[in-house]
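S.K.: One structure coming up, written as structure tokens, with questions to follow.
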Amino acid sequence: MRNIRLLIEYDGTQYAGWQWQNDQKTVQEMLSKAVEQVVQEPVKIYGASRTDSGVHALGQVANFKTTSSVPSKRLIHAINFYLPHDITVKGAADVPVSFHAQYDAQSKIYRYTLLNNWIRTSLNRNFCYVCGLLLNAEKMLYAAQYLIGTHDFTSFTTSALQGKNRIRTVKRLEITREGKYLYFTVEANGFLYNMVRTMVGTLIEVGRGKIMVESMKDILGAKNRNLAGPTAPAKGLCLIEVKYNHDS
């Protein structure tokens with residue numbers, strides 16, 4: 001039995017997220033069907049991150065086990081042949097049977113793209129959130145520092161079952177500006193549902209002066225979703241990279 005690790009990118013605009021759903025088209029479903037066409041046997045695809053509806057990926061990682069003898073290098077082109085053009089396998093490699101894309105991940109890096117301009121974009125419209133409000137990036141960066149470290153991020157996720165572990169470690173949260181674009185880059189050991197988008201939405205409120213910089217610490221400590229800002233639109237979010245211990 002072989003274990004194959006895949007590196008995948010996709011435009012999530014037309015999909016109801018990564019995870020297979022019975023009534024909606026998902027990335028996992030399309031990838032599973034394409035792989036099965038190639039290896040000619042049922043497979044179970046395990047993804048590193050369950051990206052939400054409309055969220056994109058530049059570096060999603062997945063794995064599946066197979067008895068197929070097709071070389072991993074040939075798998076790339078063979079699987080892509082059966083995939084729609086908005087999903088692409090960029091890499092394939094044999095890995096130890098014990099490898100699991102989700103459980104072995106050490107950290108994940110997401111980037112949120114915001115076009116801070118009152119004029120919309122046509123060419124990049126599916127990959128950024130257009131916000132025409134005047135934003136103070138310096139204040140946003142100061143507020144972001146409160147979110148770095150190990151915290152309970154209940155204030156930055158939607159309601160879930162009581163007792164669910166909401167403690168995560170944010171290793172870095174950077175905000176950079178390139179022309180009219182603002183990029184929010186977040187690396188953590190894991191993310192709660194809508195966590196990155198709610199963090200970005202709250203930081204936007206800081207940037208427009210609706211939330212004070214120092215209030216970020218209080219919002220985090222309150223563990224109350226109602227105190228944080230709105231959830232930023234999905235189309236601005238992209239999974240950039242998944243890190244593993246054995247990666248260089």
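S.K.: Taking springs between alpha-carbon atoms closer than 10 angstrom, which of THR185, THR113, THR176 fluctuates most in the Gaussian network model of the chain?
M.R.: It is THR176.
S.K.: Another question, if that's okay. Just need log10 I(q)/I(0) for segment 1-60 at q = 0.17, 0.22, 0.24, 0.27 Å⁻¹, Debye formula, equal scatterers on the alpha-carbon atoms, no solvent, rounded to two decimals.
M.R.: Scattering profile of segment 1-60, log10 relative to I(0): -0.55, -0.89, -1.02, -1.21.
S.K.: For segment 66-131, what is the relative contact order in percent, using Cα pairs closer than 8 Å and at least 6 residues apart in sequence?
M.R.: Working: 36 pairs, mean separation 14.5, N = 66.
Computed over segment 66-131, the figure is 22 percent.
S.K.: Next question, about the same structure. What is the gain in length, in nm to one decimal, between LEU133 and ASP94 on full extension, counting 0.36 nm per residue of separation less the C-alpha to C-alpha distance? The partial results should precede the final answer.
M.R.: Values: separation 39, 0.36 × 39 = 14.04 nm, distance 4.82 nm.
Stretched out fully, the LEU133 to ASP94 stretch lengthens by 9.2 nm.
S.K.: Further, regarding this structure: Keeping every protein chain present and rolling a 1.4 Å probe, give me the accessible area per residue for the chain in Å².
M.R.: On the way: 12710 Å² over 248 residues.
Heavy-atom accessible area per residue stands at 51 Å².
S.K.: Here is a follow-up. Compute the Rg to Rh ratio over segment 146-223 from the alpha carbon atoms, using the Kirkwood formula for Rh, and round to two decimal places. Don't skip to the end; give the middle numbers.
M.R.: Values: Rg = 12.8 Å, Rh = 13.2 Å.
Radius of gyration over Kirkwood radius for segment 146-223 works out to 0.97.
S.K.: GNM on the chain, C-alpha springs below 10 Å: top fluctuator among HIS85, HIS77, HIS100?
M.R.: Result: HIS85 has the largest fluctuation of those listed.
S.K.: Taking 8 Å as the Cα distance limit and 6 or more residues as the minimum spacing, I'd like the relative contact order of segment 124-236 as a percentage. Don't skip to the end; give the middle numbers.
M.R.: Values: 182 pairs, mean separation 41.8, N = 113.
Relative contact order for segment 124-236 comes out at 37 percent.
S.K.: Within segment 1-40, which residues have the backbone N less than 18 Å from the label spot 7 Å out from VAL70 along Cα→beta-carbon, could you tell me?
M.R.: From segment 1-40, the list is 1-9, 28-40.
S.K.: Please give the charge dipole size of segment 1-54, origin at the Cα centre, charges +1 on K and R Cβ atoms and -1 on D and E Cβ atoms. Round to the nearest 20 debye. Can you show the working numbers first?
M.R.: Working: 6 positive and 7 negative charges, 45 e Å.
The calculated dipole for segment 1-54 is roughly 220 debye.
S.K.: What number results when the radius of gyration of the chain, computed over Cα atoms, is divided by 2.2 N^0.38 Å?
M.R.: Values: Rg = 19.1 Å, N = 248, 2.2 N^0.38 = 17.9 Å.
Normalised by 2.2 N^0.38 Å, the Cα Rg of the chain equals 1.07.
S.K.: Let me have the relative contact order for segment 1-149, percent, based on Cα pairs under 8 Å that are six or more residues apart.
M.R.: Working: 254 pairs, mean separation 40.8, N = 149.
About 27 percent, as a whole number.
S.K.: Cut-off 10 angstrom, C-alpha nodes, Gaussian network model of the chain. Which of ASN136, ASN189, ASN165 fluctuates the most?
M.R.: Most flexible of the set in this elastic network: ASN165.
S.K.: Also: Points 7 angstrom from Cα along the Cβ direction at TYR183 and GLU9: gap in nanometres?
M.R.: Between TYR183 and GLU9, the label points sit 1.3 nm apart.
S.K.: Which value in nm describes the separation of the simple spin-label points at LYS171 and TRP118, placed 7 Å from the Cα toward the beta carbon?
M.R.: Placing both labels 7 Å beyond Cα along the Cβ direction yields 4.1 nm.
S.K.: Lys/Arg Cβ at +1, Asp/Glu Cβ at -1, dipole of the chain taken about the Cα centre: which of LEU115, ILE79, LEU58 is farthest positive-ward?
M.R.: Of the options given, the answer is LEU115.
S.K.: Once R0 is set to 30 Å, what does the formula 1/(1 + (r/R0)^6) return for the Cβ-Cβ distance between ALA222 and HIS246, expressed as a FRET efficiency to the nearest 0.05? Present the calculation step by step, with values, prior to reporting the outcome.
M.R.: On the way: r = 39 Å, r/R0 = 1.30.
Computed FRET efficiency for ALA222 and HIS246: 0.15.
S.K.: State to the nearest 20 debye the size of the charge dipole of the chain about its Cα centre, where the only charges are +1 on K and R beta carbons and -1 on D and E beta carbons.
M.R.: Roughly 200 debye, rounded to the nearest 20.
S.K.: What is the spread of the Cα atoms of segment 99-195 along each of their three principal axes, largest first, in whole Å?
M.R.: The principal-axis extents, from largest down, are 43, 31, 24 Å.
S.K.: With a bin width of 10 angstrom, please list the P(r) values of segment 1-145 as percents of all Cα-Cα pairs, from the 0 bin to the one holding the largest distance.
M.R.: 10, 36, 29, 15, 8, 1
S.K.: In cubic angstrom, how much convex hull volume per residue do the alpha carbon atoms of segment 28-77 span? Each step should come with its number before you reach the end.
M.R.: Working: hull volume 4.5 nm³, N = 50.
In segment 28-77, the Cα hull volume divided by residue count equals 89 Å³.
The values are calculated or read from the model by the stated rules, or taken from the named source; none is laboratory data. Just so it is clear, the structure is predicted and the values come from calculations on it, not from any experiment. Using ideal geometry, Cβ is built from the backbone for each residue, glycine included, and neighbour counts are taken over all protein chains shown. To get the accessible areas, we keep the full protein, side chains included, count just its heavy atoms, and leave off ligands, DNA and RNA. Shrake-Rupley method; radii C 1.70, N 1.55, O 1.52, S 1.80 Å.
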